[in-house]
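Here, each number is a calculation from the coordinates, and none is a lab measurement. These numbers come from a predicted model, not from an experiment. Here the Cβ positions follow ideal geometry from the backbone for every residue, glycine too, while neighbour counts run over all protein chains shown.
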Amino acid sequence: MAEEGEDLWTATDKFYHVIFCFTLTLFFSLIVVNTRHRFLRRHSTVIAASLSLLAGAAKEFADHLGFFQSSGASFKDSVADFAGVVIACLLLYLFKLFRRKPKSGDKVAGVELV
């Protein structure tokens, strides 16, 4: 049985970290991809992942300083944050892969130049 205060990999807290960073990554990506700056749109996933990891690291730092009622900073929490970001990045990559625009030489359905 787990002792009081033990940091288990299967704790509900880890699930919350995964969901939090997953959601933040998707949210930041949605914001960045809708900017008018081409450079930001092109690198939206990297920017979103970086911001999400930064938020997770800031939360762990605040835990270490005692701002939240928790057992303190945890390496396992950071791994869970990273897992959420990786899952979101994979989902964003698959979304972009299947939503590709046709190349200039490809035919567009229903349009033919005579």
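Structural remarks
- Using R0 = 22 Å, the C-beta based FRET efficiency linking PHE68 and ILE19 works out to 0.80.
- Label sites at ALA57 and ILE87, each approximated as a point 7 angstrom past Cα along Cα to Cβ, lie 2.3 nm apart.
- Multiplying the residue separation of ALA11 and PHE98 by 0.36 nm and subtracting their alpha-carbon distance yields 27.8 nm.
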